[in-house]
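Please read the structure below before turning to the comments.
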Amino acid sequence: MMEKAGYFQKSGASALDSEGIPHEVIEVHIQGARYAIRTRSLAAAVTGKVFVQVEDVTRNWNYYLGNTCGLAQVSASGKALNIEIFQKGIFTISLRALRGVLYGRDRNAAIAKIPDHTAQFMKMRRLAQDQQQIPAAG
């Protein structure tokens, strides 16, 4: 079962990158944190199967783009945008709702958290007598 984790909205403001170049951005609010996706990159992601950067955004008189905090890509079914925020998990938003925000029909759209099934998978998976489990390097 997916639960609501935040929302997606078009701010109407531009954010400055590290070189001082303004970019139109879409705000992504997930679990109390604010992120941004560049609108031009998001349009390319919706039309094709490319990754887009999810960047940290801060406000100090203007909006400023910061570090890359995650990646977003259209799902395999082509019906949703999956957003992976590093250290927080994977989230999703319907492309229909996303387009509504992009084209001005809606003010915001809900983002849902995709449940983490790795713990459940590891419980179900049995190791053989001589099989060794090696942790992934982080």
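The values are calculated or read from the model by the stated rules, or taken from the named source; none is laboratory data. It should be emphasised that the depicted structure is a prediction, and the values quoted were computed from it without experimental measurement. All Cβ positions, even for glycine, are placed from backbone atoms using ideal geometry, and neighbour counts span all protein chains on display.
Some notes on this structure:
- Scope the stretch 42-74; condition at pLDDT below 90 and polar (S, T, N, Q); matching residues: THR47, THR58, ASN60, ASN62
Okay, residues lined up against (1) at pLDDT below 90; (2) surrounded by 10 or more Cβ atoms within 10 Å (Cβ to Cβ):
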{"residue": "PHE91", "(1), (2)": "no, yes"}
{"residue": "ARG96", "(1), (2)": "no, yes"}
{"residue": "TYR103", "(1), (2)": "yes, no"}
{"residue": "ASP106", "(1), (2)": "yes, yes"}
{"residue": "ALA109", "(1), (2)": "no, yes"}
{"residue": "GLN120", "(1), (2)": "yes, yes"}
{"residue": "LYS123", "(1), (2)": "yes, no"}
{"residue": "ASP130", "(1), (2)": "yes, no"}
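- Identity of the residue in the stretch 19-67, of a type in the set (Ser, Thr, Tyr) and surrounded by 13 or more Cβ atoms within 10 Å (Cβ to Cβ), that ends up nearest to THR92 (Cα to Cα): TYR35
- Qualifying residue in the stretch 13-23 (condition: acidic (Asp, Glu), without any contact (Cβ under 8 Å) to a residue 12 or more places away in the chain and not in a helix (DSSP H, G or I)): yes
- Cβ-Cβ distances below 8 Å connect no pair with a first residue in the stretch 69-98 that is within 14 Å of THR47 (Cα to Cα), a second residue that is modelled with pLDDT under 90 and of a type in the set (Asp, Glu), and a separation of six or more residues or different chains.
- Among the residues here, GLU24 qualifies as at pLDDT 90 or above and over 15 Å from GLY6 (Cα atoms).
- Candidate set: the stretch 43-63, residues that are within 11 Å of the chain's Cα centre (by Cα) and hydrophobic (A, V, I, L, M, F, W, C); chosen: the one nearest to GLN73 (Cα to Cα): PHE51
- Residues located in the stretch 24-44, provided they are touching a residue at least 40 places away in the same chain (Cβ under 8 Å) and polar (S, T, N, Q): GLN31, THR39
- Test: residue in the stretch 47-61 that is touching a Gly at 6+ places or on another chain (Cβ under 8 Å), free of Cβ contacts under 8 Å to residues at least 60 places away in the same chain and among the hydrophobic types (A, V, I, L, M, F, W, C): yes
- For the criterion of being farther than 16 Å from LYS4 by Cβ and either among the hydrophobic types (A, V, I, L, M, F, W, C) or part of a helix (DSSP H, G or I) (or both), VAL101 fails.
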